[in-house]
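Nothing in this text is a laboratory measurement; each read-out follows from the coordinates by a stated rule. Treat the numbers as computed from the prediction; the structure is a model and nothing was measured. With ideal geometry, Cβ positions are generated from the backbone for all residues, glycine too; neighbour counts draw on all protein chains shown.
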Amino acid sequence: MRKRSGFTLIELVLVISIVALLLMAVGLTSGIRENAKVHSASESVKALRTAAESYIAAGSMTYTGITVDGLKTSGFLPGSFTATGTNPWGGNYAIAPNTDANKVDISMTSVSAAAAARLSALFANSAASTSYASETWTATF
């Protein structure tokens, strides 16, 4: 008998199958992470919207002068809320009066186009409008 070195066909198929499964698992976890980022961002936008509505309910006639710091000072946002570099993509949150002072704009920077599309779909029924330009997603309420 002579000794042969190398892999059998079954061994090669088994290794290729394991590698394929690992690649699929990595792809699935990246999708889960992106879903979590979109969900986290939408919850923060909802918190900012609630704070803005509380600002109006407390007696302000328009959104003129609204800021994140002002909402924190007034107690409408938790003091721990940080607008700089804290959205899920590492960008900023901002809140400002719209050109129509009876509406408010909530925006996030450093948002991918795919995430912006998903956020816009989530807020399609509750926002007056949404927009995306230069990695900045904005919703008007």
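Quick one: 3J(HN,Hα) in Hz for the range 126-141, Karplus 6.51/-1.76/1.60 with θ = phi - 60°, rounded, Gly and Pro as x.
10, 8, 5, 6, 9, 8, 9, 7, 6, 6, 10, 9, 10, 10, 10, 10
What's the magnitude of the charge dipole for the chain around its Cα centre, counting Lys and Arg as +1 and Asp and Glu as -1 at the beta-carbon? Answer in Debye, nearest 20.
My answer is approximately 800 debye.
Among Ser44, Ser60, Ser5, which comes first, second and so on when ranked by fewest other beta-carbon atoms within 10 Å?
Lowest to highest Cβ neighbour count: Ser5, Ser60, Ser44.
Report the FRET efficiency, 1/(1 + (r/R0)^6), for Ala113 and Ser74, where r is their Cβ-Cβ distance and R0 is 30 Å, rounded to 0.05.
Efficiency, from the Cβ-Cβ distance: 0.30.
How many nm separate the modelled label positions at Ala96 and Glu43, each set 7 Å beyond the Cα in the direction of the Cβ?
For Ala96 paired with Glu43, the spin-label model returns 2.8 nm.
Go ahead and estimate [θ] at 222 nm for the chain from helices alone: -39,500 (n - 2.57) per DSSP H run with n ≥ 4, summed, over the residue count, rounded to 500.
Helix contribution divided over all residues of the chain: -16000 deg cm²/dmol.
Kindly express, to the nearest 10 degrees and within the range 0 to 90, the angle between helix 9-57's C-alpha long axis and the longest C-alpha principal axis of the chain.
On a 0 to 90 degree scale, this one is about 0.
Quick one: grab the alpha carbon gyration tensor of the chain, order the square roots of its eigenvalues as a ≥ b ≥ c, and give me rounded if a/c is under 1.5, else prolate or oblate depending on whether a/b is larger than b/c.
In terms of gyration-tensor shape, prolate.
Tell me whether the range 93-141 comes out rounded, prolate or oblate; compute the Cα gyration tensor, take square roots of the eigenvalues as a ≥ b ≥ c, and use a/c under 1.5 as the rounded threshold.
oblate
Which one of Ala133, Ser80, Gly6 has its Cα pushed farthest toward the positive end of the charge dipole of the chain, where Lys and Arg give +1 and Asp and Glu give -1 at the Cβ?
Gly6
Does anyone have the angle between helix 113-122 and the longest principal axis of the chain? Alpha-carbon axes, 0 to 90°, nearest 10?
60 degrees
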